[in-house]
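Accompanying notes for the structure given below.
Read-outs: derived from the displayed coordinates by stated rules, not from any lab. As the structure is a prediction and not an experimental result, all values here were calculated from the model. Positions of Cβ are generated from backbone atoms using ideal geometry, with glycine treated the same way; all protein chains shown enter the neighbour counts.
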Amino acid sequence: MGLLQTAISAIYPPRCLGCGELVDSDFGLCGTCWAETEFVGDTACDICGTPLPGFDDGGDLTCDGCLKAPKQWDKGRAALIYSGMGRKLVLRLKHGDRQEIARPAATWMRTAVQPLLTENTLIAPVPLHWMRLAKRRYNQSALIARSLAEITGLDWCPDLLERTKRTVSLDGRRHAERAEILEDAIRINPKRRHRIIARPVLLVDDVLTTGATLNACAAACRTAGARDVCVSVLARAVKRA
């Protein structure tokens, strides 16, 4: 096996996920791309993961946005800021068929979300409508969720949630518009309802912008009897000052 891996490495040497340059190990970033990747630090909103630089990180923090518009989930974590290399990685995974990004994404997310996990947590991805899934061929959130389950050893359910309506794109729309579009669009799969009763659930998505989609998913989980609902995303979109 060692000789085989050496031969494979010689033919297909590891390359940077960002720029394609040679790196020391698979699924890594070179020094330049690493420098362009903004990781969310410890000082962040306890609910949506928005960085809160300058605040005391001694306890739980809540951003103004979550105070004004409370979320349907309990706590949330993000690994990266949705800009620079973080944005490039999300878009390549989502639209560029770069499915290999899911594994390192889950590794970064595990570091951020570990304090929220219990041995009974059920991991579930944000769903795609079946027509969109057929066109894209994969659900990027499900790829991340599967890798996160493998890394943490936790249970996961790829089809816990269903998107019953094919909604229009939410890009560029305000929170209220997104919420209206998503109304009654997401539900618990009737065949999987028994798996979340009185159980903590971790919802996984690639990027969090307004939180409308995760709100709809969290609300469906609560209605179906989930004990706690937390969220984990690869990247958090933030407004720059």
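Pairs of lysine residues in the chain that meet both criteria, 8 or more places apart or on different chains and Cα atoms under 22 Å apart, total 10.
Note the angle between two axes, namely the Cα long axis of helix 212-223 and the longest principal axis of the Cα atoms of the chain, as a number of degrees from 0 to 90, rounded to the nearest 10. The angle comes out at about 60 degrees.
For Met109, Met131, Met85, the sequence from fewest to most other C-beta atoms within 10 Å is Met131, Met85, Met109. Helix 84-95 and the long axis of the chain differ in direction by around 80°, with both axes built from C-alpha atoms.
Per residue, the chain reaches -10000 deg cm²/dmol at 222 nm when only DSSP H runs of four or more residues are counted, each adding -39500 (n - 2.57). Here the residues Cys221, Cys157, ranked from fewest to most Cβ neighbours within 10 Å of their Cβ, fall in the order Cys157, Cys221.
Amide hydrogen proximity for Lys71: with H placed 1.01 Å from N in the peptide plane, no residue at 5 or more positions away or on another chain lies under 5 Å.
Footprinting exposure proxy ranking of Ser147, Ser83, Ser141, fewest other C-beta atoms within 10 angstrom first, gives Ser83, Ser147, Ser141.
Here the chain carries DSSP beta bridges of which approximately 25% are antiparallel, counting only pairs with both residues inside. Set against the labelled values [x] 42.2, 131; [y] 20.0, 63; [z] 18.1, 58, Rg and Dmax of the Cα atoms in Å computed from this structure falls on [z]. The magnitude of the dipole of the stretch 41-236, with charges of +1 and -1 set on the Cβ of Lys/Arg and Asp/Glu and taken from the Cα centre, is near 940 debye.
Relative to the longest principal axis of the C-alpha atoms of the chain, give the angle of the C-alpha long axis of helix 140-152, reported between 0 and 90° and rounded to the nearest 10°. Approximately 80 degrees, to the nearest ten.
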